[in-house]
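K.L.:
Take this structure first; my questions come after.
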């Protein structure tokens, strides 16, 4: 679990999600690192028909953008560009 003072999660479209987090200066990378660490462990799903549990692994590429007074659209565009850079420049 990643504990922060204030956070907002929203589906941005397709398989993309935005996680907006309020952190102190110098904390964006460490917060992103904790989020990535949480995603490394399999998520346990329970099949409703058989009742058996199954682990599913998630993958994520994180883009970090720091707002210094920009608009929401500007911050999301910067985070989107950073995420695609983390993916190696490919859009999926």
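K.L.:
Do any strands (runs of 3 or more DSSP E) entirely within the chain hold 3 or more residues that are surrounded by 11 or more Cβ atoms within 10 Å (Cβ to Cβ) and in contact (Cβ under 8 Å) with a residue 12 or more places away in the chain, and if so, which?
P.N.:
Numbers: elements: 6-13, 16-22, 43-46, 53-56.
Strands (runs of 3 or more DSSP E) meeting the threshold: 16-22.
K.L.:
Output yes when any residue across region 38-48 is under 19 Å from residue 5 (Cβ atoms) and out of contact with any helix residue (DSSP H, G or I) (no Cβ under 8 Å at 6 or more places or on another chain), and no when none is.
P.N.:
Yes.
Read the figures in this text as sums done on the coordinates, not as results from a lab. As the structure is a prediction and not an experimental result, all values here were calculated from the model. We place every Cβ from the backbone using ideal geometry, glycine too, and count neighbours over all the protein chains shown.
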